[in-house]
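The values are calculated or read from the model by the stated rules, or taken from the named source; none is laboratory data. All values reported here derive from a predicted model rather than from experimental measurement. Heads up, the Cβs are rebuilt from the backbone with ideal geometry, glycines too, and the neighbour counts pull from every protein chain shown.
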Amino acid sequence: MNIDDLVAIDIHTHAEVSCWNPFDNYGEEYDRAADKYFGSNRRPTIAETIEYYRKIKVGLVMFTVDSESQLGRRRIPNEEIAEAAAQNSDMMIAFGSIDPHKGKMGAREARRLITEHGVKGFKFHPTVQGFLPYDKMAWPLYEVIAEYKLPAIFHSGHSGIGSGMRCGGGLRLQNSNPMLLEDVAIDFPDMNIIVAHPSWPWQDEALSLALHKPNVYIDLSGWSPKYFPPQLVQYANTLLKDRMLFGSDFPLITPERWMKDFDEAGFKDKVKPGILKDNAVRLLGLESATAA
């Protein structure tokens, strides 16, 4: 990334539409329920997302969510996102997503994505993927990520996916309690863990975990900052100012809206540059890359 040319780095953006795979309408009811919950039905292509971020001079980390085992939906290829990142390396980074149920085959894929496609981290969604973060089933994947000292983003807290559906679509919110990441943080100290979103209804658990485990970060995506719990703003301004990260959850929230509300949400001026860009630069190892 040409970090000096960017006003911020968005650590949390979603690939919504594949231009490689044919449209997969299996499980369409999850999309309709999510549209109703979020009040949005934006589904930009990867290229459209990149064009938008380039226009506003914001860098982005993009990923899909591989939930093939739990939802039966064909994922967007990790390679498609990685190719887009390679073509836009001045302002984009690709993270991979692999369903932990794929076990050692998933671990093999992770290694290939890192070594052959330049993937710089991984995304997990315990609720949508249907697993507990501390389940040893996921250990082969974590081992590869830790070997390369890459970060992993874990969805935390409530999920709009399945909200309002009969039985919540069969998805378990309890899988995304951030305290379930403690065993992962202990056993994989070389894997930085990013707890995604204000973790309602477990915000205090997320803050406690990050205070106690130095390899735990929090990304502030998925909510407008004007709705952040006061304790989240308090710790972002003080003890956790170096481990808070800007994320939007695009396309559900645009970075322009997020940054506008961020300016009015009680964050100290001296911590804003770290949250918007500097903490991500350090986490993603972009300082050394820029120097090189």
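Computed values, structure above
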| item | result |
| --- | --- |
| Residue under evaluation residue 35, criteria (1) more than 22 Å from residue 153 (Cβ to Cβ); (2) touching a helix residue (DSSP H, G or I) at 6+ places or on another chain (Cβ under 7 Å), criterion not met | (2) |
| Residues of the stretch 169-220 classified as of a type in the set (Lys, Arg) and closer than 29 Å to residue 30 by Cβ, total | 1 |
| Within the stretch 83-100, tally of residues that are farther than 21 Å from residue 194 by Cα and either modelled with pLDDT under 95 or touching an Asp or Glu at 6+ places or on another chain (Cβ under 8 Å) (or both) | 1 |
| Count of the stretch 101-149 residues which are of a type in the set (S, T, N, Q) and either modelled with pLDDT under 95 or more than 18 Å from the chain's Cα centre (by Cα) (or both) | 1 |
| Residue list for the stretch 143-198, filter: on the phi > 0 side of the Ramachandran plot and either of a type outside the set (Lys, Arg) or not in a loop (DSSP other than H, G, I, E, B) (or both) | 157, 162, 164, 167, 168, 169, 170, 197 |
| Extreme residue, surrounded by the fewest Cβ atoms within 10 Å (Cβ to Cβ), among residues of the stretch 199-219 that are assigned to a helix (DSSP H, G or I) and either within 19 Å of the chain's Cα centre (by Cα) or basic (Lys, Arg) (or both) | 205 |
| The lone exception for residue 228 - which of (1) surrounded by 17 or more Cβ atoms within 10 Å (Cβ to Cβ); (2) in contact with a helix residue (DSSP H, G or I) (Cβ under 7 Å, 6 or more places away or on another chain); (3) farther than 20 Å from residue 65 by Cβ it fails | (2) |
| Residue selected from the stretch 10-61 under the condition hydroxyl-bearing (Ser, Thr, Tyr) and part of a strand (DSSP E or B), by the criterion nearest to residue 244 (Cα to Cα) | 13 |
| Qualifying positions in the stretch 265-292 - more than 22 Å from residue 195 (Cβ to Cβ) and modelled with pLDDT of 95 or more | 269, 270 |
| Candidate set: the stretch 32-82, residues that are of a type in the set (S, T, N, Q) and within 18 Å of residue 170 (Cβ to Cβ); chosen: the one surrounded by the most Cβ atoms within 10 Å (Cβ to Cβ) | 67 |
| Test: residue in the stretch 74-82 that is under 18 Å from residue 192 (Cα atoms) and among the hydrophobic types (A, V, I, L, M, F, W, C) | no |
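Residues checked against (1) touching an Asp or Glu at 6+ places or on another chain (Cβ under 7 Å); (2) without any contact (Cβ under 8 Å) to a residue 60 or more places away in the chain; (3) not aliphatic (A, V, I, L, M):
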{"residue": "37", "(1), (2), (3)": "no, no, yes"}
{"residue": "49", "(1), (2), (3)": "no, no, yes"}
{"residue": "65", "(1), (2), (3)": "no, no, no"}
{"residue": "74", "(1), (2), (3)": "yes, yes, yes"}
{"residue": "80", "(1), (2), (3)": "no, no, yes"}
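Residues are listed down the side, and each one gets a yes or a no for (1) in contact (Cβ under 8 Å) with a residue 60 or more places away in the chain; (2) on the phi > 0 side of the Ramachandran plot; (3) hydrophobic (A, V, I, L, M, F, W, C); (4) touching an Asp or Glu at 6+ places or on another chain (Cβ under 7 Å):
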position	(1), (2), (3), (4)
202	no, no, yes, no
218	no, no, yes, no
230	no, no, no, no
234	no, no, no, no
241	no, no, no, no
249	yes, yes, no, no
256	yes, no, no, no
271	no, no, yes, no
